[in-house]
Structure formats: C-alpha cells, structure tokens
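Heads up, the thing below is written out as structure tokens.
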Amino acid sequence: MDSTALLEIEDLEVTVEGRKILNGLRLSVPRGQVHAIMGPNGSGKSTLAHVLAGRPGYEVTGGRVRYAGKDLLSLAPEERARAGLFLGFQYPVEIPGVNNVYLLKAALNAARTAQGQPEVDAFDFLALVREKMRLMRMEDSFLSRGVNEGFSGGEKKRNEILQMLVLEPTLAILDETDSGLDIDALKIVAAGINTLRSPARSTVLVTHYQRLLEHVVPDAVHVLSRGRIVRSGGAELARELERRGYDWVSGEAA
Amino acid sequence: MSALLERIAGEAGAAQQGLPHRDARRRALEALTRQGLPSARDENWRYANLRSLERQRFTPASGMVPASLELPPALPGFTRCVFVDGHFDRARSAAPGPPLAAAALERTLRQGPDERFSLLNAALAAEVARVKVAAGTERVEFLFVASAPAGAGASYPRLEVEVEPGAGLELIERHLSAGSEGGFVTSAVEVHLAAGAHCTHYRVQDLNPRSILFDTLGARLDADAHYRLHALHTGGQAARSTLALTLGGERARVDLAVAALGERSQVQDTYARVEHAARATRTHQLFRGIAAGRSRVAFNGKIVVAHSAADADSQQSLRGLLAGPEAEIDVRPQLEIYTDAVRCSHGASVGKLDEQMLFYLLARGLARESALRLLKWAFLEDVIAGIGQPALRRQLEARLARLLPEAAPEELP
Ligand SMILES: Nc1ncnc2c1ncn2[C@@H]1O[C@H](COP(=O)(O)OP(=O)(O)O)[C@@H](O)[C@H]1O
Ligand SMILES: [Mg+2]
C-alpha cells in the first residue's frame with residue numbers, strides 16, 4: 001500500500017436498489033498523479049464517482065475509502081467538497097434561477113471559510129473568474145445566466161471545468177467530461193485539466209474513450225469491469241484498449 | 001342565518017350608526033346576510049380558514065394611531081399614504097385622503113359571490129384610500145397598518161383606483177402590522193382601468209404571524225388597458241385573497257404574478273378569477289408557492305372565457321413547492337370556456353425540492369441550509385424578477401431572504 005496516496009480505496013462494495021454495482025474495488029491514487037478509469041457502459045464508473053462525492057442513494061456494504069488521511073465515507077458531501085474533493089458531473093443539472101457566478105462565489109467562499117480564510121474580495125473574485133473564463137473560451141454573458149440553464153452539452157462540460165479551475169481542488173474526479181465534446185472543445189477542456197496538474201493535486205479521469213488521454217496523458221490507466229478494477233497499466237493501456245475493445249479485458253477477468 | 005352571520009349583522013349594524021353613508025352600508029350588510037358566508041364545502045373556499053371568523057370581533061377599531069410606528073423606508077418617486085386600521089394617518093402621509101363616497105360603497109353590491117367579504121368591508125370601512133390618475137403616470141404607495149389587537153376591533157382598509165384613458169399608475173399596496181398582537185383585517189380594493197390605461201400594482205401582504213386577513217381585489221379593464229399585478233403573500237396566521245379581474249374591453253390584458261410563503265401553521269389561500277368578456281383579451285398568470293412546517297398554501301386560478309371573447313389568450317403557470325412533511329400545497333388551474341377560438345394553456349405542478357439540484361450544490365461545498373434556501377429562492381425567481389421597481393425589489397428580496405424557511409431534507413416527505 002502506497003502511504004503517500006491521496007486517495008485509497010479498499011475492497012469497496014456498493015449496492016444500488018438491491019443490486020451490487022461495485023464489488024471489491026481497489027484503487028490507489030498518489031498525490032500529483034492523473035489516473036484514468038476506463039470501462040464499458042454500465043460497468044460502475046459513475047457509481048464510483050458518485051459514491052466518492054457522497055451522493056445519496058448508494059449503499060456502501062463493504063470496504064473503506066481514505067482521502068488525505070480522512071475516512072471519506074464518514075463525511076457529508078459538502079464537507080468532502082470543502083476538503084478539496086471535486087466531482088465533475090457526467091450530466092450537470094440545470095438550476096434555473098440560481099446564478100452561475102453566484103454559485104461560483106458561494107462555492108469558493110464555502111471552501112475558504114472551511115480553511116479559515118476570509119471570504120474572497122468581490123473585485124478579486126471577478127478578475128479570477130474572468131481569467132478562467134478566457135482559458136475556457138467562455139463568453140461574459142455566461143456569468144449572468146442560470147447554472148447550466150439552456151447550456152449545450154459542451155457548454156455544461158466546460159462549465160464543470162471552469163468551476164474546477166476556480167475551486168482548485170486537491171482531488172478532481174471528472175466523470176466523462178470528454179463525452180459529447182467536439183475536438184476543439186476537447187482541447188480546451190484538456191488544457192483546463194492540465195493547468196491544474198501539480199505535485200499536490202490528483203485527478204481521476206473517468207472516460208469511455210481514450211481520446212481525452214491523448215491530451216491529458218495519465219500516469220496510470222485502470223479498467224473497470226463488473227464493479228472492480230480488472231487491469232491496470234500505463235498510458236499505453238488506453239491505446240491497447242482502443243484497439244482491442246473492452247471484451248479483451250472483460251473476457252480476461254471472467 | 002348562521003349564528004356567526006347573526007353576530008356579524010348585529011355588531012356591524014350597531015357600528016354603522018356612527019358612520020356616514022348609512023344607507024349604502026345598510027344595503028351592503030343586507031346583501032351579505034342574504035348571500036350568507038361562504039363555507040368550507042364551497043369549492044372556492046376550501047382552503048380559507050373560515051373558522052378563524054368565529055373568534056373575531058367585527059366592530060371597527062377606533063383607529064388610534066400609535067405614537068411610534070416602524071414603517072418600511074419610503075421609495076424614491078412614490079407618494080406615500082398611510083392608513084391605520086382603515087383611518088387616514090395625516091401625519092405620516094404625503095397626500096390628503098379624500099372623503100369616502102357612497103357611490104363607491106354601492107358599487108360593491110354588484111360584485112359576485114366570491115367577493116362577499118368586500119360587502120363586509122363596504123359596510124364598515126371608515127375612510128377610503130383613493131387614487132385617480134387623469135393623465136401621465138403617477139406613483140403612489142399605500143401603507144395599510146393593522147394596529148388594534150383583534151379583541152379591540154377590526155380593520156377595514158379600502159382602496160379605490162381609477163386610471164383614466166391613456167393614463168398610467170404605479171401602485172404599491174402594503175399591509176403590515178403595528179405590533180405583535182394579532183389583528184383582524186378585511187380589506188377591499190377596487191381598480192378600474194379605462195381604455196388604454198395601464199397600471200402596475202405591487203401588493204405586499206406582510207401582516208404579523210398572528211393576524212387574520214380576508215382580502216378582496218376587484219379590477220375591471222376597458223379596451224387596450226394593461227394591468228400588471230405582482231403580489232407577495234407572506235404574512236398572517238390565516239390569509240385569504242380573492243382576486244376578481246374582468247377583461248371587459250377588447251385587447252385588455254392582465255399579467256398576474258403571485259408568490260406565497262407558508263410556514264408554521266399559516267394558511268395562505270388565493271383565489272384568482274379572470275373573466276375574459278371581450279375579444280382578443282389576454283391573461284398571463286404565474287403562481288409560485290412554498291409550504292413549509294404545517295402550513296397550507298393554495299392557489300386556485302380560474303379563467304372564464306365568455307361567449308363574447310373570441311381570440312382570447314390565457315396562459316397559466318402554477319407551481320407549488322412542498323418543503324415540510326406536514327405541509328400542504330395545492331395549485332389548481334380551472335378553465336371555463338364558452339367560445340371556440342381561444343388559446344388557453346396551463347401548467348400546474350407540485351413537488352419537492354429537486355434532489356439532483358440539491359446534490360449538485362452540496363457537491364460544490366454549499367452548506368445544506370444555504371443550498372435549500374438558494375433552491376427555494378430560485379423557485380420564486382420568476383415572480384421576484386418581474387418586480388420592475390429596483391428599490392422595492394431589493395426591500396422584498398431582503399425580506400424574503402429572512403423569511404425563507406430552511407427545512408432539513410430529512411423533514412421532506
Ligand atoms: N440510481 C440507480 N438506480 C438503479 N440502477 C442504477 C442507478 N445508478 C446506476 N445504476 C446501475 O448501475 C450500473 C452501473 O451504472 P454506472 O455507474 O452509471 O455505469 P457507467 O458510468 O460505468 O456507465 C448500471 O447497470 C446502472 O443501470
Ligand atoms: Mg457513467
């Protein structure tokens with residue numbers, strides 16, 4: 001076991017509506033690394049991401065998750081977020097009537113307050129958001145819109161990355177942030193993810209295709225199948241998967 | 001006659017002796033006793049807390065103006081008029097209150113059965129708040145203060161609005177309490193918009209949590225008149241608002257937006273009836289209600305399209321949010337259509353806070369209470385955003401921010 005790991009998942013078992021979805025999943029993500037989790041549809045990738053973020057409706061029936069030395073599963077979702085865990089949603093929800101920029105500021109201040117820092121100055125905040133928006137090539141009008149309201153699929157994903165850039169999480173779990181993006185948007189999103197790479201931070205990229213991994217080269221790739229990691233390797237594993245398909249690993253595991 | 005009605009007739013009859021226009025008042029009281037009081041079996045009165053009437057005294061309060069009275073800050077550009085228990089408060093007002101005319105009381109007699117409480121008001125109203133705009137656009141704010149505790153008498157505020165052809169009015173009507181004791185208020189408002197007139201009417205019902213309110217608003221619109229009504233119902237222990245709007249002239253148009261908040265054991269009941277009586281008339285009705293605690297919040301939006309109202313257009317969007325396990329909320333669109341060429345659309349829904357939205361906000365680190373409050377706020381946004389007076393909107397936003405109940409999700413059913 002890697003003692004420097006930021007995220008340490010041991011034998012995680014998760015049941016949803018009476019069905020076992022994760023079945024003895026083990027995963028260790030050291031600080032400073034980007035790990036990709038790949039797997040066929042329905043293999044439990046989003047379930048894993050949601051359980052780590054604390055979404056209700058999942059029953060953990062076994063195993064442990066340690067994050068930055070804490071027992072992650074004992075924390076409320078908002079406490080996990082304030083402790084630096086960020087989930088980029090596969091399907092970000094639209095919240096009409098809640099202003100985008102308001103949410104960004106409330107989220108940033110929640111984290112700062114939890115860390116004993118003062119609330120962000122309004123002027124500095126706007127400057128920060130504008131800078132990150134330029135990076136994500138988002139228009140100013142976005143600031144005054146409702147959260148994800150009327151956004152295209154690609155805009156929603158870019159918005160997730162924008163939030164991540166503003167919040168600067170210690171651990172980002174990005175659930176299929178690449179799906180539904182055209183090649184230009186994919187490059188923008190990848191650039192956003194890469195700007196946060198640092199020795200202190202880790203990223204878990206949940207993805208179905210290896211396309212994103214051409215732009216964000218992972219330190220490790222894991223294949224999830226039927227609720228557990230069936231194979232791990234380096235960046236080259238993603239390319240091999242792309243060539244040979246998931247049946248190759250799934251079959252091997254069976 | 002029920003024992004209650006008999007008591008009302010007795011108390012009102014005696015009180016009328018000392019008031020001007022006794023004939024008109026006597027006729028109003030007779031009409032009320034003839035019609036009788038509504039009962040909870042009446043479809044349009046199901047949610048009103050009619051039983052609260054049993055405990056009331058109907059004799060008008062004396063209108064003793066308290067020496068100290070905390071009023072909301074004045075709004076720039078608006079002329080303020082203050083009434084305490086239906087009596088004009090000259091010292092706190094910027095304009096003189098005109099005398100009450102018998103004709104105004106008589107008009108009440110022509111109203112329909114849902115407007116019965118305006119008869120009680122006509123029988124006992126002391127002075128009338130009146131605004132008449134002949135030309136241009138005016139801005140007036142009426143503050144109706146309920147001061148007397150229920151045991152010391154009732155409050156009968158009355159407001160009459162006349163906007164002449166082509167003229168405009170921005171009107172603020174607020175109901176509030178002077179102290180923390182519960183009062184009994186029966187208010188009546190009558191609005192007439194002549195041809196091409198326009199009026200934006202903000203109604204803020206912010207009585208203290210022990211007050212009882214029966215409120216009736218009647219509006220008639222002539223051709224091409226445009227009436228925008230924004231109402232915010234947050235106060236009172238039990239409050240019933242009856243809105244009866246008639247689109248009497250061609251192309252007349254009403255935009256109605258109502259937000260109601262209930263908490264504890266509050267009752268917020270609104271019945272809005274819009275009658276399309278002429279060609280090409282339009283209604284847009286918006287309701288957003290939140291029921292927390294053990295409160296009951298109801299909105300019954302009835303649209304009647306008469307035979308004479310071809311090409312009428314009505315839209316209703318009525319939504320209720322259930323924010324407590326023992327709360328109750330009901331939104332009901334009703335259509336009664338007597339002609340073919342109409343467009344009527346309605347959406348009505350009642351639900352809990354969206355779990356996915358809540359989780360999204362939590363996953364961004366917001367405290368649970370803040371997230372819940374934010375979602376409730378967002379729910380009301382359609383109504384709040386329509387308040388075109390920035391200073392008023394800010395006041396109301398601040399008020400709402402303090403009021404929004406923060407139900408824990410475990411409490412949600
Ligand atoms: N809320 C839920 N209710 C019932 N079944 C679910 C729910 N969420 C996920 N599942 C099931 O769990 C399995 C894994 O789903 P998911 O984690 O979304 O997979 P992936 O993200 O890898 O496509 C699927 O069979 C899916 O149908
Ligand atoms: Mg998924």
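In the protein assembly as shown, with Lys and Arg counted as +1 and Asp and Glu as -1 at Cβ, which of these residues, A:Gly154, B:Val189, A:Leu212, has the Cα nearest the positive end of the dipole, that is, farthest along it? Projecting each Cα onto the dipole axis, the largest value belongs to B:Val189. Ranking B:Thr246, B:Gln315, B:Ala280 by Cα position along the charge dipole of segment B:211-327, where only Lys, Arg, Asp and Glu carry charges on their C-beta atoms, puts B:Gln315 farthest toward the positive end. Taking the Cα centre of segment A:48-149 as reference, the dipole from Cβ charges on Lys and Arg (+1) and Asp and Glu (-1) amounts to some 320 debye. Placing unit charges on each Cβ (+1 for Lys and Arg, -1 for Asp and Glu) gives the protein assembly as shown a dipole about its Cα centre, and among B:Asn44, A:Phe89, B:Leu335 the Cα reaching farthest toward its positive end belongs to B:Asn44.
Overall shape of segment B:3-353 was characterised from the C-alpha gyration tensor. The equivalent ellipsoid obtained from it has semi-axes of 29, 24, 21 Å, in decreasing order. Computed on segment B:3-353, with alpha-carbon pairs under 8 angstrom and 6+ residues apart, the relative contact order is 11 percent.
For A:Gly63, nonlocal amide neighbours, meaning residues 5 or more places apart or on other chains whose placed amide H falls under 5 Å from its own, are A:Glu13. Residue by residue along A:87-98, Cβ atoms of other protein chains within 10 Å of the local Cβ number 5 on average.
Using only side-chain charges placed at the Cβ, +1 for Lys and Arg and -1 for Asp and Glu, the dipole size of the protein assembly as shown relative to its Cα centre rounds to 560 debye.
Distance from the Cα centroid of segment A:16-70 to that of segment A:176-228 is 17 Å (rounded to whole angstrom).
Extension gain, A:Leu126-A:Thr4: 0.36 nm per intervening residue step, less the Cα-Cα distance, totals 40.4 nm.
Placing +1 on each Lys and Arg Cβ and -1 on each Asp and Glu Cβ, with no other charges, gives segment A:125-179 a dipole about its Cα centre of roughly 200 debye.
With a Cα cut-off of under 22 Å and a minimum spacing of 8 residues unless on different chains, the lysine pairs in the protein assembly as shown number 13. Given axes a ≥ b ≥ c from the Cα gyration tensor, I'd like to know whether segment B:1-157 is rounded (a/c under 1.5), prolate (a/b larger than b/c) or oblate. Cα axes put segment B:1-157 in the prolate bin.
Per the Cα gyration tensor, the protein assembly as shown maps to an equivalent ellipsoid with semi-axes of 60, 24, 23 Å, ordered largest to smallest. When the helices of chain B are scored as -39500 (n - 2.57) per DSSP H run of n ≥ 4 and the total is divided over every residue, the value at 222 nm lands at -6000 deg cm²/dmol. Treating each Cα of chain A as an identical point scatterer and summing with the Debye formula, the log10 of I(q)/I(0) at q = 0.07, 0.08, 0.10, 0.15 Å⁻¹ comes to -0.23, -0.30, -0.48, -1.10. Where a ≥ b ≥ c are the square roots of the eigenvalues of the C-alpha gyration tensor, would you call segment B:354-413 rounded, which needs a/c under 1.5, or, failing that, prolate if a/b is larger than b/c, or oblate? Note, shape of segment B:354-413 comes out prolate.
Label segment A:80-181 by shape, choosing from rounded, prolate and oblate, from the square roots a ≥ b ≥ c of the eigenvalues of the Cα gyration tensor; if a/c is under 1.5 it is rounded, and otherwise prolate applies when a/b is larger than b/c, oblate when it is not. Oblate, because a/c is 1.5 or more while a/b does not exceed b/c.
Computed from the coordinates by the stated procedures, all read-outs in this text should not be read as laboratory data. Quick caveat, the model's predicted, so the values are computed rather than measured. Neighbour counts run over all protein chains shown; Cβ positions are idealised from the backbone, glycine included.
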